Structures are given as C-alpha cells and as structure tokens.
Amino acid sequence: MSESIAEILRILQNIIAIGTVVDVDHAKARAKVSINDGKPGRWIPVPGPVGQNYRGTNHLRVGTQVLVASPSGDPANGVILQVFYSDGLPSVSTDGAIDTVQWEDGTTVSYDTDQKQLLMHSSGDLVASAVGDIFLKCGGTLWLDPEFIKVFEGGEDA
C-alpha cells in the first residue's frame, strides 16, 4: 500500500472514533482521551448543556467512554460529541418513563412521566432559599413527616 493511501486511511479512521477519558481538567472543562494506542491525546473540550437562559456542568470522569470527532482526521483538533454508558458506568434508570440525575453520594432527582411525579432524595441536607417568597401549593393533601418541626420568625437562622 502506498504511503498516501495509508495516510488517507489513517485520517478516515480518526474522523470519528470511540475513546476512553484518561484525564480531566474540571476547571477548564477539557479532557484527555485515549483513542487507539492507549496513550492520552491532547486536551480537548468537554461538551456541556448550554441554552439561551441556562448553563450546566457535566464533569466527565476518568474511564468514561466517549465519541470523538476530529475535523480533518487530526485528533489534536478533536471534540467530544457524546458520552456512552458502559459496564463501568451504567445508566442510573432502566425504566423508560423515569429520567434520573444521580450524584456520587446517592443524592437523586427523578421525574416519572407515567406517574407525573418529581422525586428528590438528598443524602445530606436539602436547602431551599429565595430572595423573595417561597410558596407551597398543591391540589391535594400536603404531607409532612418530620422527626421535629422548628419554626423561626423574623429572619432568625436555625
């Protein structure tokens, strides 16, 4: 095979590739991904949810499998397009009606579209704060099941 054909094949193989995150820089939202040879590549950008009125953070973890696109077939110009579930990083929900976000400490926020139910579980304290008022409104019964209830008036802290 001629050298030019081998180069063309290498470029084509690098345009879209599956790799594994081997290092992460959370402060700069970038990662190093090993694609074929097991060696970490250069730092490439990590995608995040960004919309007109919000920004989110999706920190990747070492060992995550990702899909990398490399314009012109050069991995140095790669960008992470997608993250894959794997045996080491399975989905947190197997029910198609339930969307869940789960943190490492077990805290979860889930929405069940079949039951029309939003569930929150905090492994620590759950704090709601607002510059303005906080309203609780429901079309049914408001259930409180605490060990203790403390009420503070006049802006005193707990």
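Hey, which of the strands (runs of 3 or more DSSP E) in the range 45-121, taking only ones fully inside, have at least 1 residues that are without any contact (Cβ under 8 Å) to a residue 40 or more places away in the chain and out of contact with any Gly (no Cβ under 6 Å at 6 or more places or on another chain)? If you could, list the steps in order and put the result at the bottom.
On the way: elements: 65-69, 79-84, 98-102, 108-112, 117-121.
Once the strands (runs of 3 or more DSSP E) in the range 45-121 are filtered for at least 1 residues that are without any contact (Cβ under 8 Å) to a residue 40 or more places away in the chain and out of contact with any Gly (no Cβ under 6 Å at 6 or more places or on another chain), what remains is 79-84, 98-102, 108-112, 117-121.
Out of the range 1-44, which residues are of a type outside the set (A, V, I, L, M) and in a strand (DSSP E or B)?
Filtering the range 1-44 for residues of a type outside the set (A, V, I, L, M) gives 2-4, 7, 10, 13-14, 19-20, 23, 25-26, 28, 30, 32, 34, 36-43.
GLY19, THR20, ASP23, ASP25, ARG30, LYS32, SER34, TRP43 - these are the residues of the range 1-44 that are of a type outside the set (A, V, I, L, M) and in a strand (DSSP E or B).
Quick one: is SER70 surrounded by 10 or more Cβ atoms within 10 Å (Cβ to Cβ), over 27 Å from MET120 (Cβ atoms), among the hydroxyl-bearing types (Ser, Thr, Tyr) and over 14 Å from the mean Cα position of the chain (by Cα)?
yes
Return the residue satisfying two criteria in turn: it lies in the range 18-40 and is under 11 Å from PRO75 (Cβ atoms) and at pLDDT 90 or above, and of such residues it is surrounded by the most Cβ atoms within 10 Å (Cβ to Cβ).
VAL33
Filter the range 30-68 for residues that are among the small types (Gly, Ala, Ser), more than 20 Å from GLY88 (Cα to Cα) and out of contact with any helix residue (DSSP H, G or I) (no Cβ under 7 Å at 6 or more places or on another chain) and give the result.
GLY48, GLY51, GLY56
Just name the residue that is modelled with the lowest pLDDT out of those in the range 41-60 that are closer than 22 Å to SER86 by Cα, of a type outside the set (A, V, I, L, M) and in contact with a strand residue (DSSP E or B) (Cβ under 6 Å, 6 or more places away or on another chain).
Top of the filtered list is GLY41.
Out of the residues in the range 73-119 meeting the condition of being among the acidic types (Asp, Glu) and loosely packed, with under 10 Cβ neighbours inside 10 Å, tell me which one is nearest to the chain's Cα centre (by Cα).
GLU104
The values are calculated or read from the model by the stated rules, or taken from the named source; none is laboratory data. Here the structure is a predicted model, which is why all the values come from computation and not from measurement. Don't worry about glycine lacking a Cβ; one is built from the backbone with ideal geometry, like all the others, and counts go over all protein chains shown.
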